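To start, the structure under review is shown below, and the notes come after it.
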Amino acid sequence: MSDFIVVAGPDIADILRGDKAEVRDIVASTYRLHDAGDTINPDSYFLRFPHKPDSRVIALPAYIGAGVNRMGIKWISSFPDNLSRGIPRASAVLILNDFETGRPLACLESAHISAARTAASAAVAAEQLCRGTGITVGVVGTGVIASTVLDHLHSSTVDIADVVAHDLDHERVTGFAEQVRAEIGLDVAPVGLNTALKADLVVFATTAGEPYVAADHRFAPGQVVLNISLRDLPPEVILASTNLVDDVEHCLKANTSPHLAEQATGSREFIHGTLGGLLNGTVALPDGKPVVFSPFGLGVLDIAVGSHVMDRALETGKATVINRFIG
Ligand SMILES: NC(=O)c1ccc[n+]([C@@H]2O[C@H](COP(=O)([O-])OP(=O)(O)OC[C@H]3O[C@@H](n4cnc5c(N)ncnc54)[C@H](O)[C@@H]3O)[C@@H](O)[C@H]2O)c1
């Protein structure tokens, strides 16, 4: 007989709120393990619907070795019409399996875990890439991911001076500014796209399906771009920048901006390296160009952060244990 652990979203949100620095450490060390070849992270599998083309569900199975020995799968839906229903676009569960027996061990609500690992990854990259103090942040796309990124940036070593934000939907920006002021304590000024693109640190977190930033736009040397939504930038802008990804094979897929750049040039030479390589000291960045970090979003990060959340939920009595789940 095996027990099964269930952890609910509000409890996970509480754990993640208190453990931001730990989550960034876990994400950084998982990137290092991934760079060292100590993970198994197959391609994400996309379930799409011809009669509902804007919606999708993605399966991300993954395993972390090197003594961590955790495995599982995230199953995450994106249904953009949910915003008009007043509920978040994305929802998810994470299944963790025991590595000795392969048996399912736990089911965790995972939209919070997914947002936290994405935001922690962005903050880890920004800590590595941003130089100096008094950094201006320009957010493009003001949803759940953008607010979680600001939360992690604010609690990281990045010294934020000002935040500006742009969204196609003006009401989303004003709601975002109110939420960020109340929950994170940062002031956000609504601006047009061109102003947001001039910030020291530009964060793309839209749901754009294809590039809309002008092909002749150029970021300045020293600017850092977190290309979280992956499809906002045309190939010309990617090719004029130093490009870091989380995983080359993963990121050059599904018509991401780096994938479009590969299709345009027939080469991957414009990819400078991975964030894991930078963290492990095997990748050094040249001066004189803006840096674009494009994280495809690795399942290993969900497994790593989810495992931490499960352990913490068991420690603090936030887990529900179903006895004799498998018998
Ligand atoms: N790379 C990763 O690891 C990773 C992980 C999680 C989410 N994401 C991506 O992050 C993005 C944001 O996720 P979310 O949950 O915050 O979404 P959301 O739906 O809550 O918010 C997206 C916002 O972008 C705005 N928007 C759409 N197109 C725009 C445009 N062209 N210009 C300006 N604003 C625009 C929308 O109005 C909306 O307010 C999604 O594309 C999601 O797939 C990436």
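No value in this document is a laboratory result; all are computed from the given coordinates. Bear in mind that the values here come from a model prediction, so they are computed numbers and not experimental data. Here the Cβ is made from the backbone with ideal geometry for all residues, glycine too, and neighbour counts use every protein chain on show.
For this structure, a couple of remarks:
- So residue 145, is it of a type in the set (A, V, I, L, M), within 16 Å of the ligand (Cβ to nearest atom) and out of contact with any strand residue (DSSP E or B) (no Cβ under 7 Å at 6 or more places or on another chain): yes
- Hits in segment 116-144 - residues which are buried (at least 24 other Cβ atoms within 10 Å of the Cβ), small (Gly, Ala, Ser) and on the phi < 0 side of the Ramachandran plot: 116, 119, 120, 121, 122, 123, 125, 126, 138
- Matching option when the condition is of a type outside the set (D, E, K, R) and under 16 Å from residue 305 (Cβ atoms), among 95, 58: 95
- Odd one out for residue 165, checked against (1) away from the ligand (no atom under 15 Å from the Cβ); (2) in contact with a helix residue (DSSP H, G or I) (Cβ under 7 Å, 6 or more places away or on another chain); (3) not aromatic (Phe, Trp, Tyr): (1)
- Restricting attention to segment 134-173, the residues that are among the small types (Gly, Ala, Ser) and in a strand (DSSP E or B) total 3.
- Matching residues in segment 300-327 - criterion: being assigned to a helix (DSSP H, G or I), more than 16 Å from the ligand (Cβ to nearest atom) and of a type in the set (D, E, K, R): 311, 312, 315
- Breaking point among (1) loosely packed, with under 15 Cβ neighbours inside 10 Å; (2) assigned to a loop (DSSP other than H, G, I, E, B); (3) away from the ligand (no atom under 13 Å from the Cβ), for residue 264: (2)
- Filtered residues of segment 210-232 (kept if within 17 Å of the chain's Cα centre (by Cα) and assigned to a loop (DSSP other than H, G, I, E, B)): 228, 229, 230, 231, 232
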